[in-house]
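Notes to accompany the following structure.
Each value in this text was obtained by applying a stated rule to the coordinates, not by laboratory testing. Remember, predicted model here, so these are calculated numbers, not experimental data. Cβ coordinates were reconstructed from backbone atoms using ideal geometry, including for glycine residues, and neighbour counts include every protein chain displayed.
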Amino acid sequence: GLRHRYSAPFDGVITARNTDVGALINAGAGGPASELFHMTATKTLRIFVAVPEVYFPAMHPGAATTVTLDEYPGQVFHGTLVRSDNSINPASRTLRVEVDVDNAEGKLLPGAYAFVHFTLPGRTQSVTIPANALLFRSEGLRVGVVRDGRALLVPITIGRDYGDRVEVLSGLTAIDQGILN
């Protein structure tokens, strides 16, 4: 048989081998050619992150990020936001961004899950409320409050979502008494 030497245009690791010794290699005649090997460049890894829509103004190329993995507790890897899709996904209401992380030591594996931490600008004069206090109405987002002994539905604008709590940017003050039930 014929022996061929294959080379890739970059340094990397073979992550999939789709042929065996003695297998017939289709050179494109009589059907579509298939991938013989799959190589991955591992010196710099690119992480794709779905960022909630409310945070997209803070996503700028060149922004520094930190990356943590469960496999390395207490260890922080440094990355840089390199680009975004520049559009919000209408189904998930997220912006997809790409973060490059230096992996010269080879500790990070392609395809692994990671936590990417962004530095967001601080907010001033905002309050947080329990997420279960939100009322989703046809006229917009509302919160029940007690003012002057009366229950009112107040329109609000939310900022960051912390899971069990949300940041309120407008509509409430720190002295308002919220209604949960």
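Overview of values
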read-out	value
Normalised contact order of the range 80-181, rounded percent, pairs of Cα under 8 Å and 6 or more residues apart	21
Distance between modelled label sites at Phe115 and Ala23, nm, 7 Å Cα→Cβ extension	4.0
Virtual paramagnetic centre 7 Å along Cα→Cβ of Ala16, amide N under 15 Å, in the range 99-114	110-112
GluC sites (Glu not before Pro) within the range 39-130: DSSP coil, no more than 12 neighbouring Cβ in 10 Å	Glu71, Glu105
Chain lengthening between Asp164 and Phe56 when straightened (0.36 nm per residue, less Cα-Cα)	36.8 nm
